[in-house]
1. Please give the per residue accessible area of the range 104-258, computed with a probe of 1.4 Å over protein heavy atoms only, in Å².
2. Restricted to Cα positions, what overall size does the chain have along the principal axes? Three whole-Å values, descending.
3. Which residues does the label zone of Ala213 cover in the range 127-159, counting backbone N under 20 Å from a point 7 Å along Cα→Cβ?
4. Using a 1.4 angstrom probe on heavy atoms only, work out the carbon and sulfur share of the accessible area of the range 92-154 in %.
5. What ranking, highest mean first, results for peptides 121-128, 80-87 when packing means the other Cβ atoms within 10 Å averaged over each residue?
6. Per residue, what volume in Å³ does the convex hull of the Cα atoms of the range 109-258 enclose?
7. Multiply the residue gap between Asp76 and Ala239 by 0.36 nm, knock off their C-alpha separation, and tell me the result in nm, one decimal place.
8. Fully extended, how many nm does the chain gain between Thr131 and Asn144 (0.36 nm per residue separation, minus their Cα-Cα distance)?
Amino acid sequence: MKKLTRVLMLILAITVLLGACSRKSGAFTVEEGVLTMVTNAEFPPYEFWDDSKIVGIDAEIAAAIAENLGLTLRIDDIAFDAIIPSVTGGRADMGMAGMTVTDERKKNVNFSESYAKGVQVIIVRDGSVITSNEDLFAEGANFNIGVQESTTGDLYATEELADEGLATMFRYRRGVDAVQDLVNGRIDCVIIDNEPAKAFVAMYSGLKILETAYAEEDYAIAFSKKNPALRDAVNKALAELIADGTVQSIIDKYINID
């Protein structure tokens, strides 16, 4: 009887696992029939709130991927530094938040192929003594730099400037909070991705983006190392969506290419 019970429990466990599998891709998801994406919806135009809905480049690409895989997309808005723990902890299927591929992050998650290029830029007030990225590295420099915590802007500036005694870091939960402190004169500049930077500069007068970029990077989707099948399935879907022009059309919808 105990043996029969164990067999029945094993069959039930296998059935549950198969039930959480995409019929088209063979990749497992946290919830049956649902592709759960975690993001930080404070990063326009990649992800942001429009009334009661999260929209943007990442949201639309994720929706196209989910449709390709025969799944329904669900997007959860969480803190940026909680995205990778949510993925590695099995609470979400993937993290997509204008996330840059770095060696440090690759220790914890697998990344998809890149779907977009990012540029870290420097926002300053009009008339700032900071006129290029070289000013941040000048001998004796000690600027107050604002970043969104745990982003690559934070990682780069901390390692290259703060750790070298060239800057004091001010970390914010949201990029817009850093920009507001810049407007109010509490910090000297903000290092952040180019696209949200353009949106923030449009929101506040008296700000500008320096012509010299701080860094260039690739954006990709983060997955648990325990679920390589899902990463492979998404890569296949992503390749198809890039090939047929879907990804580029979504990017063009949100980013005006001069």
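The values are calculated or read from the model by the stated rules, or taken from the named source; none is laboratory data. Remember, it's a predicted structure, so these values are computed and weren't measured experimentally. Neighbour counts are summed over all protein chains in view; Cβ atoms, including those assigned to glycine, are modelled from backbone coordinates with ideal geometry. Ligands, DNA and RNA are stripped out before the accessible areas are found, and what is left, the full protein with its side chains, is counted by its heavy atoms. Shrake-Rupley method; radii C 1.70, N 1.55, O 1.52, S 1.80 Å.
1. Working: 7650 Å² over 155 residues.
Value returned for the range 104-258: 49 Å² of accessible area per residue.
2. Dimensions of the chain along the principal axes of its Cα atoms: 79, 39, 30 Å.
3. Correct set: 131-137, 147-148, 151-159.
4. About 42 percent, which is the carbon plus sulfur part of the accessible surface.
5. Working: 121-128: 18.8, 80-87: 20.5.
Listed from highest to lowest mean packing, they are 80-87, 121-128.
6. Looking at the range 109-258, the number lands at 120 Å³ per residue.
7. So the chain would gain 56.2 nm between Asp76 and Ala239.
8. Gain in length upon complete extension: 3.2 nm.
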